[in-house]
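Data first, discussion second: the structure below is written as structure tokens.
Any read-out appearing in this document is the output of simple, stated calculations on the displayed coordinates, not a laboratory observation. This one's a predicted model, so the numbers in the text were calculated from it and none came from an experiment. Positions of Cβ are generated from backbone atoms using ideal geometry, with glycine treated the same way; all protein chains shown enter the neighbour counts.
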Amino acid sequence: MSELTKFLFEGQPVRGMLVRLTDGWQEVLRRRGPEAAYPAEVRSLLGQMLAAGTLMQGNIKFNGALVLQLHGDGPVKLAVAEVQADQRFRATAKVVGDVPAGAQLEALVNVHGQGRCAITLDPQDRQPGQQPYQGVVALHGDQREPLQQLSEVLEHYMLQSEQLDTRLVLAANDEVAAGLLIQRLPVEGSGNLEGTQRRNEDDIGLSEGFNRIAMLAATLTPQELLELPADRILHRLFWEETLRVFEPERPRFACTCSRERVQGMLRGLGREESDSLIAERGLVEVGCEFCGVQYRFDAVDVGELFTPVRDQPPSSPAVQ
């Protein structure tokens, strides 16, 4: 069963989260079907994206959808992981070329240096005219060297956008998509000179504490992350630390597509375009890239979409 476990380090402004997506992640892959299965390298990348998206959503507690996207100039044109506020998730990828065996991030999405990562926050109750917030980061470090791991890209993003030191460990296979996040919390202090000096001194000690914890987290191997349960991982890494561990949350696969949304898309195309699809194919068929559900509309369905709804006349009183 999928679990998201949150924990705090007592006496240190450091928090952590550990996610293991099992049944829901397997459902994402199963929905593709054997004839459209992703290459192993793409499955690994997409699983890491889902684990990372679940950790980031759990970290910020955003009331809406967190969408993690990789836009590529390699064989992976687009990869998307979406996580809702209640930890419902879905994911998909568009592969347009041959994937080299053992390909890492650069060979998948950043062959010509034009790949980028986008994190979008789309509010659940978006107001008219309100646009989702989006942050975009290139797939290279400060020295312009291409980054080989998704975890490095997201650590760089969180440091730039939130000014918070973060350590991420991600791994995925066909059974489990998992991740560990360790993040230093901001520390508030007084604004006077004495308070500033004391805060600076405290920051040195707190940085050393975070660095020690981050170094312990970095010793976690992909095999351990994929195979060990949360309690054993936490004991293996932080047995000398005092942890406050919270009740696990249960992320799960769920798609937000619906027939009503597809109907809205067809109305956006217009009557003429929809009728031309009917004339060409006999019906309009739209498949969801996330869950594989097929929505079909025949000529009658399309006609009803563009027929104005008229008020019904009042019914006649019953004859006694």
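Amide H contacts for residue 252 (H built 1.01 Å from N in the peptide plane; partners 5 or more residues away or on another chain; cut-off under 5 Å): 88, 89. Between residue 254 and residue 26, the contour length at 0.36 nm per residue exceeds the alpha carbon distance by 80.8 nm.
The packing ranking, built from the mean of other Cβ atoms within 10 Å per residue, places the peptides 219-226, 106-113, 86-93 in the order 86-93, 106-113, 219-226, highest first.
Counting only DSSP H runs of at least 4 residues, each contributing -39500 (n - 2.57), and dividing by the residue count of the chain, the helix-based mean residue ellipticity at 222 nm comes to -11500 deg cm²/dmol.
When both segment 269-288 and segment 18-41 are represented by their alpha-carbon centers, they are found 31 Å apart. The slack between residue 271 and residue 8, meaning 0.36 nm per residue of separation minus the straight C-alpha distance, is 89.1 nm.
Its alpha carbons considered, segment 259-305 gives a radius of gyration followed by a Dmax of 10.2, 29 Å. The lysines within cross-link reach of residue 94, meaning a Cα-to-Cα straight distance under 19 Å and a gap of 8 or more places when in the same chain, are 77.
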